[in-house]
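In what follows, a structure is listed as structure tokens, so that the remarks can point back to it.
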Amino acid sequence: MSEIRLRFAPSPTGFLHIGGARTALFNWLLARKEKGKFILRIEDTDVARSTKESVDAILEGMTWLGLDWDEGPFYQSDNFPLYREYVEKLLAAGKAYKCYCTPEELERKREIAISEGRKPKYDGTCRNIKEDRPGAPFVVRFKAPLEGTTVFDDLIKGRICFQNEELDDLIIQRTDGTPTYNFTVVIDDVSMGITTVIRGDDHVNNTPRQILLYQALGCPVPKFAHVPMILGADKSRLSKRHGATSVMAYRDMGFLPEAMVNYLVRLGWSHGDEEIFTLDELIDKFSIEAVGRSAGVFNPDKLLWLNAHYIKTGDPQRLAGLLLPFLKERDVDVSGGPDLTAVVRTLQDRSRTLLEMADGAVFYYRSDFQYDAKSVAKFLTPSGREVCAELASRLETADELGHDAVAALFEGICAERGVKLKDVAQPVRFALTGGAPSPAIYDVIGVLGREESVRRIRRALAL
Ligand code: GLU
């Protein structure tokens, strides 16, 4: 069997959308599973709408998700001579023809068809013109069969049939000599040797036209898999109204790429009722036949749940690196403070996003925070002050500040004074954090270290 060749073919007119990312992921997974090739092609023939920024944004999004490509990126705008060549081929073979009908004429016929209740369709006026008309502007149309059916077995949707008489003689080259969309897709898929096309099901109606072009060119028709759309909670097509739709917006909101990948794959594909998959498991288990026929509904809570899972189980050192830009945004300089990896360990269980983690980490690095007067009165009561002072002096002489050792200091004070743990923990926590929500107090002390813990407690006591 020859190798499977798949491609992702975004039009660079915006960012990498959730739906596009999922299409890319399905292609990538199948390529990796089948040890084939994954090709990236930028469909930038619409010069007016395509931008370099968008290309960069798409590449950045793919890279962030870890969807590496084996060939490309290829740009359709580099292929104009190739498209020309194929137009000439089809013309020479009598499988395409020059159409001289003016836009006005076509519009007039369209209106008549509509007023007579017929579906507007090119009427074939120029289909059999033999001679060229030098100097006259023309488009090139594909000579589509007038009868019969075009059928394909979609790997997701099953058998799909189109009546050829419903299909127009497609324009493949415009008056200005530029090729049209359906034509460029076919020529590229042919010249790149694409064997399987996985794309959004908004392209189903293009497929019969494309199949007829393959047949006219005498080229093997690839397999097709049309992936159902992604909907918002209200069952309308996913859009900005439902929240961020750009993959990179999720990075900026503190999501991990592995959570995003795991979430995207489950938007359509399933494997029993399993929810959590490593990348290797996905490569092993993925199959396009297991992609469902109904649209996936975007569920931000589930994405958040997965993200929390990956943060909880992630490598603290890697998370520390990913956290840095978020801390920078908060003007936190970690260089003089506690070890960031140690900080991360205390926050993994309680952060659903890196953004939450960054918020939770701030207090470790701000030793000059202001204590709020009302809370001072509440927590630093005379007895609160006494236990704080007591703890500070015991911390100064403690041998070590591991979790158990710190716990023993707290328990010792409780036993000697006959007070509850919370009577010690609350004032101490307030002195150390200024009241910010914080991880377990023993861990906080361990991470802040002896000197800084004592310093913060004494500063609070001086108020
Ligand atoms: N460029 C098309 C799009 O972004 C994809 C075409 C295809 O996959 O065949 O929707």
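The values are calculated or read from the model by the stated rules, or taken from the named source; none is laboratory data. Quick caveat, the model's predicted, so the values are computed rather than measured. Glycine gets a Cβ as well: all are built from the backbone with ideal geometry, and neighbour counts include every protein chain shown.
Overview of results
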read-out	value
Residue within segment 142-155 that is in contact (Cβ under 8 Å) with a residue 40 or more places away in the chain and of a type in the set (A, V, I, L, M) present	yes
Residue list for segment 251-308, filter: part of a strand (DSSP E or B) and touching a Pro at 6+ places or on another chain (Cβ under 9 Å)	291, 296
Qualifying residue in segment 230-245 (condition: of a type in the set (Lys, Arg), more than 12 Å from the ligand (Cβ to nearest atom), more than 23 Å from residue 29 (Cα to Cα) and in a strand (DSSP E or B))	yes
Any hit, segment 215-222, residues being of a type in the set (A, V, I, L, M) and either closer than 28 Å to residue 315 by Cα or modelled with pLDDT under 95 (or both)	no
Residue satisfying condition, being surrounded by 18 or more Cβ atoms within 10 Å (Cβ to Cβ) and farther than 21 Å from residue 350 by Cα, within set 438, 453, 383	453
Helices (runs of 4 or more DSSP H) fully within segment 344-463 counting 1 or more residues that are more than 30 Å from residue 250 (Cα to Cα) and over 42 Å from the mean Cα position of the chain (by Cα)	373-379, 382-397, 403-417, 421-433, 450-461
First in segment 281-303 and among the charged types (D, E, K, R), second anywhere and assigned to a helix (DSSP H, G or I) and surrounded by fewer than 17 Cβ atoms within 10 Å (Cβ to Cβ), Cβ under 8 Å, 6 or more apart	284/33
When residues of segment 151-191 are limited to those that are in contact with a strand residue (DSSP E or B) (Cβ under 9 Å, 6 or more places away or on another chain) and among the aromatic types (Phe, Trp, Tyr), the one nearest to the ligand (Cβ to nearest atom)	183
Failed condition for residue 164, given (1) within 28 Å of residue 265 (Cβ to Cβ); (2) surrounded by fewer than 19 Cβ atoms within 10 Å (Cβ to Cβ); (3) not hydrophobic (A, V, I, L, M, F, W, C)	(1)
So residue 368, is it closer than 25 Å to residue 344 by Cβ, touching a His at 6+ places or on another chain (Cβ under 7 Å) and among the charged types (D, E, K, R)	no
Helices (runs of 4 or more DSSP H) lying entirely in segment 6-103 (those with 2 or more residues that are within 17 Å of the chain's Cα centre (by Cα) and more than 12 Å from the ligand (Cβ to nearest atom))	18-33, 52-65
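Table: residues versus (1) within 9 Å of the ligand (Cβ to nearest atom); (2) part of a helix (DSSP H, G or I).
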| residue | (1), (2) |
| --- | --- |
| 193 | no, no |
| 198 | yes, no |
| 209 | no, yes |
| 213 | no, yes |
| 219 | no, no |
| 224 | no, no |
